[in-house]
Amino acid sequence: MLTGIPVSKGISIGEAHILDRSKLCVLKQTIDSSNINKEIIRFRIAIEQTKKQMQETKKKASEVADKYSIILDTYTLLLDDDILVKDTISKIRKEKINAEWAITETLNKSLLLFDNINDDYLKGKKDDLELVVHGVIKNLLGHSQNALADIQKPVILITHTLSPTDTISIPRQYVLGLATEVGGKTSHVGIFTSALGIPSVVGIKSLTTKINTGDQIIIDGINGHVITNPTKKTLEHYKVKQLEHKKYERRLLINIERPAITTDDFRIKLMANIESTHEIKTLKNFGAEGIGLYRTEFLYLSSQSFPSESDLYENFKKAAQEIAPHPIVIRTLDIGMDKQPAFLKSNEEDNPALGLRGIRMSLANQELFSIQLRAILRASFYGDVKIMYPMISDVQEVIQANSLLEKVKDEMRQKQIPFSDDIEIGAVIETPSAVICSDQILKEVDFISIGTNDLIQYILAVDRMNEQVAHLYQPYNPAILKALKHVFDNARIARKKVSICGELGGDPLATLFLLGLSNLDSLSMDPHSIPHVKKIICQSDMKDAREFSKQLLNLNTTTEINCFLNDEMRKRYPLDFQQDPI
Ligand code: PEP
Ligand code: MG
């Protein structure tokens with residue numbers, strides 16, 4: 001059995017089809033001086049062709065998965081990259097070599113740099129760069145970009161990686177499942193296959209050398225396993241699992257229209273985290289009751305410069321109108337650390353996670369911040385819009401941000417620009433100091449939302465993107481549970497709404513514990529998780545939840561908590577937690 005990262009749930013069983021997309025044969029050729037300019041033009045044409053293909057792919061992609069089309073924008077930006085294009089051209093000129101060889105050398109030099117970087121986000125960029133350059137080389141070599149056309153029967157695709165063009169041309173009727181050698185939890189392949197409902201596992205080293213075309217394969221996209229030539233017993237076992245999973249998914253969809261209410265009538269709003277307004281039209285398919293977190297930084301990341309106030313306003317207004325009558329919580333800019341726009345590359349910091357990110361960046365660039373606040377306020381006239389400040393580590397930051405907001409409001413009143421005067425303000429609680437001083441922060445805001453992704457990183461001092469310490473990134477560490485309890489208690493005393501917008505909020509394993517903290521108002525999560533979490537809530541009662549949380553908070557170690565959670569949740573909700581089958 002091979003193990004990787006599960007990126008699209010479900011079980012598939014079928015015959016392997018190896019698609020080795022890693023090897024491209026590039027030969028070095030010397031170019032005559034008189035042909036150098038022609039070679040450069042050939043190179044530029046290949047770049048333009050690749051960009052065009054990316055745009056066409058993007059068009060097709062947006063019909064299936066909008067998150068995926070945003071990623072394709074990033075790829076197009078890589079093709080505008082000075083180093084990639086200029087270095088290659090200067091190589092062609094200086095070394096008098098063919099474009100394929102020159103860009104391969106530029107790529108190899110850049111990949112070496114990536115090898116010395118210990119950052120998961122940037123390592124992901126390494127894969128992106130490789131994919132984009134391979135696209136250019138294929139155009140230079142005159143290779144067809146569509147490698148999947150020859151698949152004519154249902155198979156399980158086994159490959160090193162899939163380029164965006166390959167991914168978009170996956171023939172849905174023939175691809176039962178997918179496993180790749182490279183890729184991570186948030187890789188483009190996973191986003192796309194989960195939108196198509198193709199069970200997938202990524203990141204299995206040397207996968208293509210361990211499987212042959214024609215082998216019988218099981219893809220377990222729930223637990224991240226790939227099983228080759230299973231025994232009869234294993235095969236039977238997975239066939240049952242496959243049926244159970246399909247049945248379970250159908251049952252989840254029955255709940256879509258219904259609110260999340262416990263058996264003793266306690267109602268929790270289930271909202272969605274989004275990164276792009278394109279996602280809004282799909283939210284009702286998951287039963288989202290609003291947007292609890294709009295990560296606005298993606299508007300900046302996919303752009304070459306700061307977006308204008310009117311660009312932001314149009315975007316926020318459209319979002320508010322589309323989600324109405326439900327609310328939308330717009331988080332102000334949280335760039336820095338893992339999300340650094342190309343036009344801010346010069347801001348390199350030794351310790352970006354502890355640097356100028358979130359509200360710190362906004363308060364240090366007040367003009368930029370005011371533009372965003374003005375755009376949100378203008379949009380608030382068109383729906384139930386709320387503002388939320390990220391990375392608060394000191395109540396003073398909330399006070400400062402609020403005072404800037406008041407200033408912006410005053411200017412708008414003078415200019416008679418309409419906005420909602422009673423717009424609610426929230427703070428993300430995601431630093432240890434914000435937890436400790438949540439009582440003070442609560443005095444300055446209308447609601448809080450706990451950003452557990454960062455909170456876990458900062459409380460446990462574990463980089464959330466560093467695979468070397470990934471085993472220490474434990475959501476169910478006692479310190480995290482105690483921190484949550486502290487914040488919930490303070491919110492209850494302050495009579496303010498408390499929500500969770502980090503991944504923990506969308507983990508059904510955590511649902512009963514969170515309910516048991518008593519005053520949970522809403523959870524905001526990846527929309528795909530809503531039906532599962534809702535199903536847990538609808539089967540729970542608050543008395544049991546409170547007792548459960550108390551018991552969990554009394555446990556000493558992460559291992560004890562994990563064991564207790566797994567055992568107890570499986571006992572209470574046997575159909576909702578699938579046991580690892582092997
Ligand atoms: C969080 O930190 O939990 C959060 C929701 O924000 P992000 O993942 O964007 O940092
Ligand atoms: Mg965060």
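The values are calculated or read from the model by the stated rules, or taken from the named source; none is laboratory data. The model shown is predicted, which means the values in this text are computed figures rather than measured ones. Here the Cβ positions follow ideal geometry from the backbone for every residue, glycine too, while neighbour counts run over all protein chains shown. The protein model used for the area step is the full one, side chains on, heavy atoms only, and it has no ligands, DNA or RNA in it. Shrake-Rupley method; radii C 1.70, N 1.55, O 1.52, S 1.80 Å.
Spin-label model, Leu112/His278: points 7 Å from Cα along the beta carbon direction are separated by 3.7 nm. When DSSP beta bridges are restricted to pairs lying wholly in the chain, around 30% turn out antiparallel.
Distance from the Cα centroid of region 453-486 to that of region 489-539 is 18 Å (rounded to whole angstrom). Ligands, DNA and RNA left out, the 1.4 Å accessible surface of the chain is 52% carbon and sulfur atoms.
Think of each Lys and Arg Cβ as +1 and each Asp and Glu Cβ as -1; about the Cα centre, that makes the dipole of the chain roughly 1240 debye. If you bin all the Cα-Cα distances of the chain at 20 Å, starting from zero, the percentages per bin are 19, 51, 27, 3, 0.
Across region 255-265, coupling constants 3J(HN,Hα) worked out from phi with the 6.51/-1.76/1.60 Karplus curve, θ = phi - 60°, read 7, 3, 6, 8, x, 8, 10, 6, 5, 9, 6 Hz, and Gly and Pro carry x. Each peptide in 31-44, 1-14 gets a packing score, the mean of other Cβ atoms within 10 Å over its residues, and the list from highest to lowest is 1-14, 31-44.
The slack in the chain from Gln539 to Asn212, taken as 0.36 nm per residue of separation less the alpha-carbon distance, amounts to 113.2 nm. Length gained on full extension, Ile83 to Ala461: 132.6 nm, using 0.36 nm per residue less the C-alpha separation. Between Asn285 and Lys482, the distance separating the two model label sites (each 7 Å from Cα on the Cα→Cβ line) works out to 4.4 nm.
With the simple spin-label model, which puts each label point 7 Å out from Cα in the Cβ direction, the His528 to Lys38 separation comes to 4.9 nm.
Backbone geometry of region 499-509 corresponds, through the Karplus equation with coefficients 6.51, -1.76 and 1.60 at θ = phi - 60°, to 3J(HN,Hα) couplings of 9, 10, 10, x, 3, 4, x, x, 8, x, 5 Hz, x marking Gly and Pro. Take every Cα pair under 8 Å whose residues are at least 6 apart in sequence, average their separation, divide by the length of region 441-552, and the relative contact order is 26 percent. Once the chain from Ile399 to Leu243 is taken as fully extended at 0.36 nm per residue, the excess over their C-alpha distance is 50.7 nm.
Solvent exposure of the chain, expressed per residue, is 44 Å² of accessible area, with all protein chains present and a 1.4 angstrom probe. Peptides 132-142, 479-489 ranked from most to least packed, by the mean per-residue count of other Cβ atoms within 10 Å: 132-142, 479-489.
Where does each of 172-183, 550-561 land if you order them by average Cβ count within 10 Å, highest first?
Final packing ranking: 172-183, 550-561.
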